[in-house]
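K.L.:
The following block contains the structure, expressed as structure tokens.
The values are calculated or read from the model by the stated rules, or taken from the named source; none is laboratory data. As the structure is a prediction and not an experimental result, all values here were calculated from the model. With ideal geometry, Cβ positions are generated from the backbone for all residues, glycine too; neighbour counts draw on all protein chains shown.
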Amino acid sequence: MKTFIKNARYFWAGGDSEVLENISILTDGSRIIEVGDAVALAAKAGDAKTIDASELIIIPGLVNTHHHFYQTLTRNFPKVQDAKLFTWLVRLYPLWARITPDDFALATEIATLELLMSGCTTAVDHSYLVPDGQSDLYYRQVEAARKTGMRFHLCRGSMSRSKKDGGLPPDSVVQTEDVIMKETDELVSRVHEAQRGGMTRIIVAPCSPFSVTKELMIEAKKYANSKGLKAHTHLAETKDEEEFCIKEFGVRPFKLMEDLGWMDENSFYAHCVHMSPEEVVAMGKAQGGVAHCPTSNMRLASGIAPIVEMLKADVPVSLAVDGSASNDCSNMMLEVRNCMLLQRVLKTADCITARDALKVATLGGAKVLGRDDIGLLQPGYEADMVGFRLDSLRQAGSSTDPLAALVFCAVDTVNFSMVHGETLVEHGKFTRFSDEELKELVIRQNERSRQIYSGQ
């Protein structure tokens, strides 16, 4: 089915392109056919569905490269509001052990809908704990993401090193290495869509150096390489992690990844806060990717990642909200703003622009995920795009630079969203979910959150 997005007041194709005015987009099925003048495209549109974009700025959909959807169930818990990472994890693991596959499905719906409304069209979920061996939770997550329409990269995460083995998680949320690899292969064979435009893809993702063995890290990476899959893990997030790796393995986290065969273009890492200048340069040469999580890094007092230096070193950098228990919201446009502002705190006011931050959140995410079909709005690319109104109170007085206004003025809610050629948000409302259905989801989520917190 064709869709004619007509007369966008402003249009940014992404990358290094300029902002254009009064541009229209014609899609057919999941892909963009043509971008140009409305009169010229109208003749080709035929009986296409027409969307009036005259009050919108249209940009590529944002790409969220690191999240933990299940954590939407444990936002704002009092016992972790003021904790740093390791303490935060130790206090939350017993609560997360109570989460069921039904909960994972519910949390996935909540997280993806929240992301969609903030401009995200592609999301990565690092789902690494399997309470009581209930690994069908991954399939429930896939079903939930397909229900909401989000383009979904599911990290088949893993933890094999429990507290009794010197790790942090309890026994009830870890699995043996044999089970992890067997179930990963089954998941890949059943749901991974490698073709161009694929909506569901699997990433091989051991949780972290302090929750899995070196042997699992090596085996997981070898498997990912053999299947042409991306590999993902947490890296250099905190000083505690650095001290753990030096004590346990005798090397810093970055060197550990190098030694384990992980430092290459098929791998990407969440956080990368505590990296030396030399490590940044080495990562650029290896083309290992980064999922930058500015809000989470602030929330847990983990530090400020050297993103400006990474970009200068040609490190592929993307943007991510991280888990909703270490961010407490899942808003990609706010993440773009925090990315820009936090680097300015670290460096100078002109070290990163609003456009730089938006490029990281779009084309940067596509590159980190190894995709050449998203991140830009041009013929042949997937029709993944979002539109923001320009007449909100928040934007009053900002029209001299409408693209930068999205970042500087903290515009955080879309009016229009399209993924894979399907309109998922129109006039600020979800097309697949009624207001009543949304209300019911929120009620269910709040009920389960209270139950989990109280020990049920």
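K.L.:
Scanning the range 8-42 for residues that are among the charged types (D, E, K, R) and modelled with pLDDT of 95 or more, which turns out surrounded by the most Cβ atoms within 10 Å (Cβ to Cβ)? Reasoning before the result, please.
P.N.:
From the range 8-42, those among the charged types (D, E, K, R) are 9, 16, 18, 21, 28, 31, 34, 37; that's our starting set.
With the extra rule that they be modelled with pLDDT of 95 or more, the set shrinks to 9, 16, 18, 21, 28, 31, 34.
Values: R9: 19, D16: 8, E18: 9, E21: 11, D28: 16, R31: 17, E34: 16.
Residue satisfying both the conditions and the ranking: R9.
K.L.:
Filter the range 299-342 down to residues that are polar (S, T, N, Q) and in contact with an Asp or Glu (Cβ under 9 Å, 6 or more places away or on another chain) and give me whichever is nearest to L85 (Cα to Cα).
P.N.:
S302
K.L.:
So I180 ticks every box in (1) in contact with a Ser or Thr (Cβ under 7 Å, 6 or more places away or on another chain); (2) at pLDDT below 95 but one. Which box is left unticked?
P.N.:
(2)
K.L.:
Across the range 42-101, what is the number of residues that are over 23 Å from the mean Cα position of the chain (by Cα) and not small (G, A, S)?
P.N.:
From the range 42-101, those over 23 Å from the mean Cα position of the chain (by Cα) are 42-56, 78-79, 82-83, 87, 90-91, 94-95, 97-98; that's our starting set.
Okay, now just the ones that are also not small (G, A, S), so 44, 47, 49-52, 55-56, 78-79, 82, 87, 90-91, 94-95, 98.
Going through the range 42-101 one residue at a time, the tally reaches 17.
K.L.:
Which ones in the range 4-13 are in a strand (DSSP E or B) and closer than 13 Å to L377 by Cβ? Give the derivation first.
P.N.:
The first filter runs over the range 4-13 and keeps only residues in a strand (DSSP E or B), leaving 4-11.
Selection gives I5, A8, Y10, F11.
K.L.:
Condition check: surrounded by 24 or more Cβ atoms within 10 Å (Cβ to Cβ) and modelled with pLDDT under 95. Does S318 satisfy that? First the steps, then the outcome.
P.N.:
Details: surrounded by 24 or more Cβ atoms within 10 Å (Cβ to Cβ): yes; modelled with pLDDT under 95: no.
Criteria not met by S318.
K.L.:
I've got another one for you. Just need a number here: residues in the range 124-162 that are within 12 Å of the chain's Cα centre (by Cα) and within 18 Å of L438 (Cβ to Cβ).
P.N.:
1
K.L.:
From L41, L73, grab the single residue that is in contact (Cβ under 8 Å) with a residue 12 or more places away in the chain, over 28 Å from K367 (Cα atoms) and outside the structural domain of D412 (by TED's automatic domain parsing). Working first, answer last.
P.N.:
Working: L41 fails: outside the structural domain of D412 (by TED's automatic domain parsing).
Selected residue: L73, the only one of L41, L73 that is in contact (Cβ under 8 Å) with a residue 12 or more places away in the chain, over 28 Å from K367 (Cα atoms) and outside the structural domain of D412 (by TED's automatic domain parsing).
K.L.:
OK, next. Could you list all residues from the range 194-208 that are outside any strand (DSSP E or B) and under 18 Å from the mean Cα position of the chain (by Cα)?
P.N.:
Residues of the range 194-208 outside any strand (DSSP E or B): 194-199, 207-208.
Result: G197, G198, M199, C207, S208.
K.L.:
A further question follows. From the residues in the range 352-372 that are among the β-branched types (V, I, T) and touching a residue at least 60 places away in the same chain (Cβ under 8 Å), which one is surrounded by the fewest Cβ atoms within 10 Å (Cβ to Cβ)?
P.N.:
Our first condition is that a residue be among the β-branched types (V, I, T); within the range 352-372, this holds for 352-353, 360, 362, 368.
Still in the running and touching a residue at least 60 places away in the same chain (Cβ under 8 Å): 360, 362, 368.
Working: V360: 28, T362: 30, V368: 32.
Only one residue fits best here, namely V360.
K.L.:
Okay, moving on. Quick one: in the range 209-230, which of the residues that are outside any helix (DSSP H, G or I) and of a type in the set (S, T, N, Q) is modelled with the highest pLDDT? Steps first, answer last, please.
P.N.:
Of the range 209-230, the ones outside any helix (DSSP H, G or I) are 209-213, 228-230.
Restricting the remaining residues to those that are of a type in the set (S, T, N, Q) gives 211, 213.
On the way: S211: 88, T213: 92.
This residue is T213.
K.L.:
Within the range 373-385, work out how many residues are surrounded by 19 or more Cβ atoms within 10 Å (Cβ to Cβ) and among the small types (G, A, S).
P.N.:
Start the filter on the range 373-385 by keeping residues that are surrounded by 19 or more Cβ atoms within 10 Å (Cβ to Cβ), which leaves 374-377, 381-385.
If we keep only those that are among the small types (G, A, S) too, we end up with 375, 383.
Of the residues in the range 373-385, 2 are surrounded by 19 or more Cβ atoms within 10 Å (Cβ to Cβ) and among the small types (G, A, S).
K.L.:
Take S208 and tell me if it is over 30 Å from E114 (Cβ atoms) and of a type in the set (S, T, N, Q). Write out each step before concluding.
P.N.:
Values: over 30 Å from E114 (Cβ atoms): no; of a type in the set (S, T, N, Q): yes.
No.
K.L.:
Next question, about the same structure. Answer yes or no: is there a residue in the range 329-342 that is in a helix (DSSP H, G or I), closer than 25 Å to M418 by Cα, of a type in the set (K, R) and touching a Ser or Thr at 6+ places or on another chain (Cβ under 8 Å). Give the derivation first.
P.N.:
Of all residues in the range 329-342, those in a helix (DSSP H, G or I) come to 332-342.
Next, only the ones that are closer than 25 Å to M418 by Cα stay: 332-339.
This time we only want the ones that are of a type in the set (K, R), so: 337.
Okay, now just the ones that are also touching a Ser or Thr at 6+ places or on another chain (Cβ under 8 Å), so none.
No: zero hits.
K.L.:
Tell me the residue from M181, M257 that is within 18 Å of G288 (Cα to Cα) and either in contact (Cβ under 8 Å) with a residue 40 or more places away in the chain or not small (G, A, S) (or both), please.
P.N.:
Details: M181 fails: within 18 Å of G288 (Cα to Cα).
Checking each option against the conditions leaves just M257.
K.L.:
Let me ask something else. Could you tell me whether the range 14-29 includes any residue that is β-branched (V, I, T) and either assigned to a loop (DSSP other than H, G, I, E, B) or not assigned by TED's automatic domain parsing to the domain that holds D384 (or both)? It would help to see each step written out before you state the result.
P.N.:
Of the range 14-29, the ones β-branched (V, I, T) are 19, 23, 25, 27.
Subsequent filtering for residues that are either assigned to a loop (DSSP other than H, G, I, E, B) or not assigned by TED's automatic domain parsing to the domain that holds D384 (or both) retains 19.
Yes, the range 14-29 has at least one match.
K.L.:
Kindly check whether there is at least one residue in the range 189-202 that is on the phi > 0 side of the Ramachandran plot and not acidic (D, E). Lay out the reasoning, then the answer.
P.N.:
Of all residues in the range 189-202, those on the phi > 0 side of the Ramachandran plot come to 197.
Now drop any that are not not acidic (D, E), which leaves 197.
Taking every residue of the range 189-202 in turn, at least one turns out to be on the phi > 0 side of the Ramachandran plot and not acidic (D, E).
Per-residue answers, yes or no, for (1) surrounded by fewer than 17 Cβ atoms within 10 Å (Cβ to Cβ); (2) among the small types (G, A, S); (3) under 26 Å from K49 (Cα atoms):
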{"residue": "G387", "(1), (2), (3)": "no, yes, yes"}
{"residue": "A396", "(1), (2), (3)": "yes, yes, no"}
{"residue": "A404", "(1), (2), (3)": "no, yes, no"}
{"residue": "F408", "(1), (2), (3)": "yes, no, no"}
{"residue": "K429", "(1), (2), (3)": "yes, no, yes"}
{"residue": "S434", "(1), (2), (3)": "yes, yes, yes"}
